1. Take the residues in the stretch 99-113 that are outside any loop (DSSP other than H, G, I, E, B) and touching a residue at least 60 places away in the same chain (Cβ under 8 Å), then tell me which one is surrounded by the most Cβ atoms within 10 Å (Cβ to Cβ).
2. Of everything in the stretch 171-196 that's assigned to a loop (DSSP other than H, G, I, E, B) and of a type in the set (Ser, Thr, Tyr), which residue is farthest from residue 4 (Cα to Cα)?
3. For the stretch 148-173, enumerate the residues that are of a type in the set (A, V, I, L, M) and open to solvent by 10 Å² or more (accessible area, probe 1.4 Å).
4. Condition check: open to solvent by 30 Å² or more (accessible area, probe 1.4 Å), of a type in the set (S, T, N, Q), under 30 Å from residue 34 (Cβ atoms) and over 12 Å from the mean Cα position of the chain (by Cα). Does residue 195 satisfy that?
5. With respect to residue 84, is the statement that it is touching a residue at least 60 places away in the same chain (Cβ under 8 Å), aliphatic (A, V, I, L, M) and farther than 30 Å from residue 190 by Cβ true?
6. When the residues of the stretch 79-98 are narrowed to those that are acidic (Asp, Glu) and part of a helix (DSSP H, G or I), which ends up farthest from residue 27 (Cα to Cα)?
7. For the stretch 35-52, does any single residue satisfy the condition of being more than 15 Å from residue 148 (Cβ to Cβ), at pLDDT 95 or above and assigned to a strand (DSSP E or B)?
8. Could you list, ordered by first residue, the pairs with Cβ atoms under 9 Å in which the first is in the stretch 21-41 and closer than 30 Å to residue 90 by Cβ and the second is aromatic (Phe, Trp, Tyr), at least 6 apart or interchain?
Amino acid sequence: MRTLYVVTHPEATHHVEGVVGGWHDSQLTPAGVRAAVSIARALRAQIPDGAEVELFSSDLLRTLRTAEEVSELFGVKPILDRRLREKSYGEAGGKPQEWLDRRFVPPPAVGERMEHDEGVEGSETKAAWAQRIYAAMDEILQNPCAHQIIVTHGGSLTFVLASWIKMPIESAGYANFRAPSGSITTLREDDFFHNRQVVSLGDTRHLDSAQAG
């Protein structure tokens with residue numbers, strides 16, 4: 001039995017500043033750090049003591065800081081992988097969200113969506129974004145470890161899940177799995193049928209203690 005716990009980093013400075021995230025290297029806010037502690041505790045409560053655990057994380061500061069809290073409780077070093085980053089918004093990264101909103105060209109309802117040009121210089125296409133997430137997932141899932149934790153971003157979660165259920169990458173342009181910041185999504189593969197289940201999507205019950213604090 002393999003279980004993946006996919007964490008979306010909690011509140012970061014770009015959220016409260018109203019600027020575009022992407023590859024802009026924002027940091028966790030104090031509230032985000034408290035939420036990261038709650039995430040780590042929730043994962044520790046779910047994974048048996050003594051079980052082998054692997055921890056993978058995007059290399060951006062907000063995900064790395066989240067992974068550090070998990071690392072401390074489990075005693076494992078995070079494996080940093082830049083392929084788990086959020087989508088790059090090119091020159092929009094770090095600029096006010098309304099700057100991007102004025103220039104953004106949405107994908108067509110019918111036609112080419114994965115290679116669609118969104119109208120922002122240097123912005124990744126969905127194809128490039130999905131391809132790197134799928135490649136990272138392929139490597140992670142080659143490992144036989146029964147408990148794996150992935151710390152990533154809200155947007156990238158869609159392609160983590162699409163890869164998990166083996167959605168053809170050319171179809172992923174229509175996929176959209178939404179999960180709040182600081183959430184835990186649980187995925188499980190059984191050893192008999194090797195079916196891949198989405199056990200829970202975007203669970204935030206653990207954040208109640210962080211908000212209370």
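The values are calculated or read from the model by the stated rules, or taken from the named source; none is laboratory data. This is a predicted model, so every value here is computed, not measured. Here the Cβ is made from the backbone with ideal geometry for all residues, glycine too, and neighbour counts use every protein chain on show. Just so you know, the surface numbers come from the protein's heavy atoms only, side chains and all, with ligands and any DNA or RNA stripped out. Shrake-Rupley method; radii C 1.70, N 1.55, O 1.52, S 1.80 Å.
1. Among those residues, the one meeting the criterion is 100.
2. 181
3. Those that are of a type in the set (A, V, I, L, M) and open to solvent by 10 Å² or more (accessible area, probe 1.4 Å): 165, 167, 169.
4. no
5. no
6. 98
7. No, the stretch 35-52 contains no residue that is more than 15 Å from residue 148 (Cβ to Cβ), at pLDDT 95 or above and assigned to a strand (DSSP E or B).
8. From residues that are closer than 30 Å to residue 90 by Cβ, the pairs are 21/89; 22/89; 23/89; 24/89.
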